[in-house]
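Below is one structure, written out as structure tokens; the observations come after it.
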Amino acid sequence: VHAPATVTVTGAAGQIGYALLFRIASGQLLGPDTPVKLRLLEIPQAVKAAEGTAMELDDCAFPLLSGIDITDDAGRAFDGVNVALLVGARPRSKGMERGDLLEANGGIFGPQGAAINAGAADDVRVLVVGNPANTNALIAQAHAPDVPADRFTAMTRLDHNRALSQLAAKTGASVADISKLTIWGNHSATQYPDLFHAEIAGTKVTETLDISPGGKDQAWLADEFIPTVAKRGAAIIEARGASSAASAANAAIDHVHDWVHGTPQGEWTSAAIVSDGSYGVPEGLVSSFPVVARNGRWEVVQGLDVNEFSRARIDASVRELVEERDAVKDLGLI
Ligand code: NDP
């Protein structure tokens, strides 16, 4: 059994937090050998609700849960943190301009980045879930100059899992047989779920589905698959009357678990990480790539062919990230 790890969850009293905390405390985030100390960060008016969740966590008597702290102070929340899950964010309200949204979130993620810089453990890993996740991660990272930039990531794993599920439904394959699918770019409607390298039980999807330009399955790819994955969140709100929470929490667990324990040989996944310039994505942007995790670090899968169709879609999503970065720069948030 290892020493306890400190896991901080922001927005802990929210929907995603509620779906996430019990799985962390049960050992699904860091594995059965790592006890967990939970730190719940909330805004003052939600601290009481977080206390209620903590009571339920106590009542689960999880053997691996070695303590719960609840606070509205970022400095306390991130002191000694090993894994930071930044879930709480300012949602877009009616009539809110993008600049207002970015500014409101800059006021959250800037100070949180600074608190991580000041107090986090040397091995800290940060996953931003709260939207706009990629740019929120960029803001936090910019405020943490002493933390290696590659410790800041944003979540596109839910998009990745949604794409797996849609491809499985289309082909009748099991999700477990699908590999090498990629989400590129921003966690937004411009994201590009890329099937051109995907395999089903080792056979390229392009041998089963004719998704090449003019191919019979191209319309399915462009008009069904891609928009269904990109707009799945809205479809869930429509059906459930509330936004996806358990699937978002599940994806956060998958992301951190793979980051710490490694991705399986011969497979890759998707994560938004600080770009090193790979695939023409400007250095420093937090953009989603095909990645493997080795020795506790994400590495971009190199050398993939990017066809014209994919290039145009990746470029469009990256352009949106550049605009968001420029907007937060102009606002003085980075
Ligand atoms: P949720 O727990 O449902 O969502 C939290 C964030 O995750 C939102 O920004 C949401 O974005 C985002 N998100 C990312 N992917 C998904 C997805 N696939 N489906 C749904 N959401 C996704 O929000 P709640 O309002 O229930 O809870 C938020 C909590 O955060 C509140 O308790 C609030 O008090 C707290 N908060 C805490 C802060 C802090 O700790 N400093 C700061 C701000 C808020 P989107 O809005 O686009 O759906």
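Just so you know, in the range 61-72 the residues that are surrounded by fewer than 16 Cβ atoms within 10 Å (Cβ to Cβ), farther than 16 Å from Ala3 by Cβ and touching a residue at least 12 places away in the same chain (Cβ under 8 Å) include one that is nearest to the ligand (Cβ to nearest atom), and it is Asp72.
If you go through the range 194-222 and pick out every residue that is within 18 Å of Ser179 (Cα to Cα) and among the small types (Gly, Ala, Ser), you end up with 3. The residue that is nearest to the ligand (Cβ to nearest atom), counting only those in the range 105-124 that are farther than 30 Å from Pro4 by Cα and crowded, with 16+ Cβ neighbours inside 10 Å, is Asn105.
The single condition among (1) over 24 Å from Ala251 (Cα atoms); (2) in contact with a Ser or Thr (Cβ under 8 Å, 6 or more places away or on another chain) that Asp72 does not meet is (2). Among the residues of the range 77-135, those identified as free of Cβ contacts under 8 Å to residues at least 60 places away in the same chain and either among the polar types (S, T, N, Q) or assigned by TED's automatic domain parsing to the domain that holds Asp258 (or both) are Ser93, Asn105, Asn117, Asn131.
Within the range 238-268, the set of residues being touching a strand residue (DSSP E or B) at 6+ places or on another chain (Cβ under 7 Å) and either within 15 Å of Asn131 (Cα to Cα) or within 16 Å of the ligand (Cβ to nearest atom) (or both) comprises Ala252, His255, Val256. Filtered by the rule that a residue be in a loop (DSSP other than H, G, I, E, B) and buried (at least 17 other Cβ atoms within 10 Å of the Cβ), the range 11-47 gives Gly11, Ala12, Ala13, Gly14, Gly27, Gln28, Leu29, Leu30, Thr34, Pro35, Glu42. Annotation: of all residues in the range 166-215 being of a type in the set (S, T, N, Q) and part of a helix (DSSP H, G or I), the one that is surrounded by the most Cβ atoms within 10 Å (Cβ to Cβ) is Gln166.
Can we say Ala50 is without any contact (Cβ under 8 Å) to a residue 40 or more places away in the chain, within 16 Å of the ligand (Cβ to nearest atom), aliphatic (A, V, I, L, M) and surrounded by 22 or more Cβ atoms within 10 Å (Cβ to Cβ)? Answer is yes for this residue.
Taken together, the residues in the range 144-162 that are under 10 Å from the mean Cα position of the chain (by Cα), of a type in the set (D, E, K, R) and within 16 Å of Ala293 (Cα to Cα) amount to 1.
When you look at Gly88, is it closer than 20 Å to Ala249 by Cα and in contact with a Gly (Cβ under 7 Å, 6 or more places away or on another chain), yes or no? The answer is yes for Gly88. Contact annotation: residue pairs with Cβ atoms under 6 Å, 6 or more positions apart or on different chains, pairing a residue in the range 151-165 that is closer than 19 Å to Val81 by Cα and among the aromatic types (Phe, Trp, Tyr) with a partner that is at pLDDT 95 or above and not in a helix (DSSP H, G or I), are Phe152/Val126. Note on the range 140-198: residues that are within 16 Å of the ligand (Cβ to nearest atom), out of contact with any strand residue (DSSP E or B) (no Cβ under 6 Å at 6 or more places or on another chain) and hydroxyl-bearing (Ser, Thr, Tyr) amount to 3. Picking from Ala242, Ala251, which residue would you name as being loosely packed, with under 13 Cβ neighbours inside 10 Å, of a type outside the set (Asp, Glu) and either under 27 Å from Ala137 (Cα atoms) or in the same structural domain as Gly31 (by TED's automatic domain parsing) (or both)? Selected residue: Ala242, the only one of Ala242, Ala251 that is loosely packed, with under 13 Cβ neighbours inside 10 Å, of a type outside the set (Asp, Glu) and either under 27 Å from Ala137 (Cα atoms) or in the same structural domain as Gly31 (by TED's automatic domain parsing) (or both). No other residue among Val87, Val83, Val128 is closer than 24 Å to Lys48 by Cα, surrounded by 16 or more Cβ atoms within 10 Å (Cβ to Cβ) and more than 15 Å from the ligand (Cβ to nearest atom) apart from Val83. Taken over the range 219-234, residues that are more than 15 Å from Leu209 (Cα to Cα) and not charged (D, E, K, R) amount to 6.
Table: residues versus (1) exposed (fewer than 12 other Cβ atoms within 10 Å of the Cβ); (2) within 22 Å of Gln112 (Cβ to Cβ); (3) at pLDDT 95 or above.
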position	(1), (2), (3)
Asp258	no, no, yes
Ser275	no, yes, yes
Val286	no, yes, yes
Ala293	no, no, yes
Val301	no, no, yes
Asp305	yes, no, yes
Ser310	no, no, yes
Val318	no, no, yes
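The values are calculated or read from the model by the stated rules, or taken from the named source; none is laboratory data. Since the structure is predicted, the reported quantities are computational estimates derived from the model, not experimental observations. Here Cβ is always computed from backbone atoms with ideal geometry, including for glycine, and neighbour counts include all displayed protein chains.
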